[in-house]
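Engineer: Structure in structure tokens, see below.
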Amino acid sequence: MFISAPSIKISCFSALCICGLLFPASTTFAQYVEHKGNDVTTPLHLLKPAYVTPYGQTKPADIKVSLDRVFKYLDQTTPAQLVDKTTNEVISDLKKANSNSIFKPGDYRLTSYEWGVTYTGMLEVAAATGDKKYLDYTIKRINFLADVVNAYQSYLKTNAGALTPVRSVLDPHALDDAGSIAASMIKAQRTGEIKANLRPIIDNYLNYIMTKEFRLKDGTLARNRPQPNTLWLDDLYMSLPAVVQMGVLTGDTKYFDEAVKQYQLFADRMFNAEKGLYMHGWVQDMDPHPQFHWARANGWGLMTKIELLDALPANHPGRPIILKMLKAHVKGLATLQDGTGFWHQLLDRNDSYLETSATAIYTYCIARAVNKGWLDAKAYGPMALLAWNAVSTKINANGQVEGTCVGTGMGFDPAFYYYRPINVFAAHSYGPVLLAGAETYRMLQQHPFEINDSAVQMYK
């Protein structure tokens, strides 16, 4: 739909309303609070504002309630079954799987990169809360995927070229196919709960990342879309968590070295040190290069740093580099957090809408960095807690997450990002929400907050 210039302000307001927020981006929140009394008889600084986002109230039990609502929805809408696509009958004997078999349709795809994040999120909630149903969710589905892959490997020996529902596993075509799922599989295997033999699947994924993905001449992982020789910030997460997890799994330092090298190659081209933000995409030979600081892409970049710090050996020479970049990135993000606790779709354009999935990723990353001692709890704990409180308001009664930008390619004009749709079926929010809830749960246990002069304070 084409929009004339006079209607732009209305459209921006509408975009915020669609996100579930009933105020325009320019609204301020100072309030006149009615109270019987005056400056002599009443401590006015303690008057309770009508916060848009819950403030100074969060408890671990509240977080668990929100996470359980999300879990119930996802458990019911992501069946782990194969069915005949003509009859819809369940195929209980996987030896009978054929080219007419599909995964039983649910709300989300079990082999997508978004669901790799979700599997990891389930593992983190289980570890943080002790609730085994979250662990079982991931273990059940990854065991199932491995069994389906094994069945189709046999089927393809006599039916070469046949369609299968696990093409992205057997024959990855992009980093989106490989990295996120591979990382979650390695993490699941490390729990000791996996019964299937995942190693051939993991090796296949890592072989794609390490030897088959397109690269620039200097070895940087790249794509040839939307322009030749393009770097996508998203690809840091679609590759490097799997690479460092392979290092943990095998003990081979080449994986740690490759991950740090790739991160530096991306950051050298894409990090704006003045703003503390990354551009979404970088295209070789584009000059001048427009910079659009898309929120979720910055989230993938931030979460990659967390993944690297979690996995790199304590004595690896790349750790100080990644830690320095983490601090610089979080410092840039901190200046741009909205008063509601959210971040904007385009981070440095506060007339763009407030977006949930990126806010959830930042919540997780900042809280985890606080919990690991990489960031100061006093400085960053309150903003992480505010961000979780904002995210929690987007979990509806059905357990769906609202306000999430749908899958997004790369653009070189602002309208592309401003008008990306949002949808509860955008899979990108569910893993980050689980991760954010798990890490905030931990943070409240390790760094309980107090209210001082009406403000959230963390003292340890």
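The values are calculated or read from the model by the stated rules, or taken from the named source; none is laboratory data. Here the structure is a predicted model, which means the values were calculated and not measured. Ideal geometry is used to build each Cβ from the backbone, glycine not excepted, and the neighbour counts take in all protein chains shown. When the accessible area is computed, the model is the full protein with side chains, heavy atoms only, and any ligands, DNA or RNA have been set aside. Shrake-Rupley method; radii C 1.70, N 1.55, O 1.52, S 1.80 Å.
Engineer: If I ask for residues that are loosely packed, with under 13 Cβ neighbours inside 10 Å, in contact with a helix residue (DSSP H, G or I) (Cβ under 7 Å, 6 or more places away or on another chain) and not charged (D, E, K, R), which ones from region 441-458 would you list? Reasoning before the result, please.
Structural biologist: In the first step, residues of region 441-458 are kept if they are loosely packed, with under 13 Cβ neighbours inside 10 Å; the result is 445, 450-453, 455.
Subset that is in contact with a helix residue (DSSP H, G or I) (Cβ under 7 Å, 6 or more places away or on another chain): 445, 453.
Once the filter is applied, which keeps residues that are loosely packed, with under 13 Cβ neighbours inside 10 Å, in contact with a helix residue (DSSP H, G or I) (Cβ under 7 Å, 6 or more places away or on another chain) and not charged (D, E, K, R), region 441-458 yields only GLN445.
Engineer: What's the number of the only condition in (1) in a loop (DSSP other than H, G, I, E, B); (2) in contact with a helix residue (DSSP H, G or I) (Cβ under 7 Å, 6 or more places away or on another chain); (3) over 30 Å from LYS140 (Cα atoms) that LYS195 fails to meet?
Structural biologist: For LYS195, the exception is condition (3).
Engineer: While we're on this one: Does THR87 meet the test of being within 30 Å of VAL169 (Cβ to Cβ), part of a loop (DSSP other than H, G, I, E, B) and more than 35 Å from the chain's Cα centre (by Cα)?
Structural biologist: Yes.
Engineer: Additional query: In region 77-89, how many are under 16 Å from THR164 (Cβ atoms) and open to solvent by less than 60 Å² (accessible area, probe 1.4 Å)?
Structural biologist: Within region 77-89, residues that are under 16 Å from THR164 (Cβ atoms) and open to solvent by less than 60 Å² (accessible area, probe 1.4 Å) number 3.
Engineer: Determine, yes or no, whether MET303 is aliphatic (A, V, I, L, M), closer than 26 Å to GLY121 by Cβ and outside any helix (DSSP H, G or I). Before the answer, list the steps.
Structural biologist: Details: aliphatic (A, V, I, L, M): yes; closer than 26 Å to GLY121 by Cβ: yes; outside any helix (DSSP H, G or I): no.
Judged against the criteria, MET303 is not a match.
Engineer: Select from region 139-181 the residues that are open to solvent by less than 30 Å² (accessible area, probe 1.4 Å) and among the charged types (D, E, K, R) and write down the one among them that is farthest from GLU213 (Cα to Cα).
Structural biologist: Among those residues, the one meeting the criterion is ARG141.
Engineer: A follow-up question, please. Determine which single condition ALA377 fails, assuming it passes every other condition in (1) within 20 Å of GLU274 (Cα to Cα); (2) over 20 Å from the mean Cα position of the chain (by Cα).
Structural biologist: (1)
Engineer: Next up: Looking at SER101, SER92, which is the one that is polar (S, T, N, Q), more than 29 Å from the chain's Cα centre (by Cα) and surrounded by 20 or more Cβ atoms within 10 Å (Cβ to Cβ)? Steps first, please.
Structural biologist: Details: SER92 fails: surrounded by 20 or more Cβ atoms within 10 Å (Cβ to Cβ).
Checking each option against the conditions leaves just SER101.
Engineer: Here's something else I'd like to know. Just the residues that are open to solvent by 40 Å² or more (accessible area, probe 1.4 Å) and outside any helix (DSSP H, G or I), please, taken from region 314-327.
Structural biologist: ALA314, ASN315, PRO317
Engineer: On to the next question. Look at region 395-427 and say how many of its residues are under 17 Å from TYR73 (Cβ atoms) and either open to solvent by 10 Å² or more (accessible area, probe 1.4 Å) or aliphatic (A, V, I, L, M) (or both). Walk me through how you get there before you give the answer.
Structural biologist: As a first pass, look at region 395-427 and keep what is under 17 Å from TYR73 (Cβ atoms): 395-404, 423-427.
Now drop any that are not either open to solvent by 10 Å² or more (accessible area, probe 1.4 Å) or aliphatic (A, V, I, L, M) (or both), which leaves 395-398, 400-402, 423-427.
Total meeting the criteria: 12.
Engineer: Given the structure, is VAL370 of a type in the set (Val, Ile, Thr), assigned to a helix (DSSP H, G or I) and either at pLDDT below 95 or within 18 Å of TYR134 (Cβ to Cβ) (or both)? Steps first, please.
Structural biologist: Numbers: of a type in the set (Val, Ile, Thr): yes; assigned to a helix (DSSP H, G or I): yes; either at pLDDT below 95 or within 18 Å of TYR134 (Cβ to Cβ) (or both): no.
Considered against the rule, which asks whether it is of a type in the set (Val, Ile, Thr), assigned to a helix (DSSP H, G or I) and either at pLDDT below 95 or within 18 Å of TYR134 (Cβ to Cβ) (or both), VAL370 comes out as no.
Engineer: Which of (1) surrounded by 23 or more Cβ atoms within 10 Å (Cβ to Cβ); (2) farther than 29 Å from LYS187 by Cα does LEU302 not meet, given it meets every other one?
Structural biologist: (2)
Engineer: For region 269-276, does any single residue satisfy the condition of being at negative phi, in a helix (DSSP H, G or I) and surrounded by 14 or more Cβ atoms within 10 Å (Cβ to Cβ)?
Structural biologist: So the first thing to find is which residues in region 269-276 are at negative phi, and the list is 269-275.
Add one more test, that the residue is in a helix (DSSP H, G or I), and what stays is 269-270.
Right, trim to surrounded by 14 or more Cβ atoms within 10 Å (Cβ to Cβ) and you get 269-270.
Yes: one or more hits.
Engineer: Could you tell me whether any residue of region 232-252 is closer than 23 Å to LYS140 by Cα, out of contact with any Lys or Arg (no Cβ under 9 Å at 6 or more places or on another chain), of a type in the set (Val, Ile, Thr) and surrounded by 13 or more Cβ atoms within 10 Å (Cβ to Cβ)?
Structural biologist: No, the conditions are met nowhere in region 232-252.
Engineer: Which of the residues that make up region 328-366 are open to solvent by 10 Å² or more (accessible area, probe 1.4 Å), small (Gly, Ala, Ser) and part of a helix (DSSP H, G or I)?
Structural biologist: Within region 328-366, ALA328, ALA334 meet the criteria.
Engineer: Give region 71-96 a look and list any residue that's out of contact with any strand residue (DSSP E or B) (no Cβ under 6 Å at 6 or more places or on another chain) and of a type in the set (A, V, I, L, M), or say none.
Structural biologist: Within region 71-96, LEU74, ALA80, LEU94 qualify.
Engineer: Okay, moving on. State which residue pairs qualify: first residue touching a residue at least 60 places away in the same chain (Cβ under 8 Å) and inside region 75-99, second residue assigned to a helix (DSSP H, G or I) and of a type in the set (Lys, Arg) in any location, beta carbons under 8 Å apart, and separation of 6 or more residues or different chains.
Structural biologist: ASP75/LYS133; THR78/ARG141; ALA80/LYS140; ALA80/ARG141
Engineer: Under the condition of being assigned to a loop (DSSP other than H, G, I, E, B) and either touching an Asp or Glu at 6+ places or on another chain (Cβ under 7 Å) or polar (S, T, N, Q) (or both), which residue from region 49-67 is modelled with the lowest pLDDT? Show your work before the answer.
Structural biologist: The first filter runs over region 49-67 and keeps only residues assigned to a loop (DSSP other than H, G, I, E, B), leaving 49-59.
Next cut, either touching an Asp or Glu at 6+ places or on another chain (Cβ under 7 Å) or polar (S, T, N, Q) (or both) only: 53, 57-58.
On the way: THR53: 95, GLN57: 89, THR58: 94.
Selected residue: GLN57.
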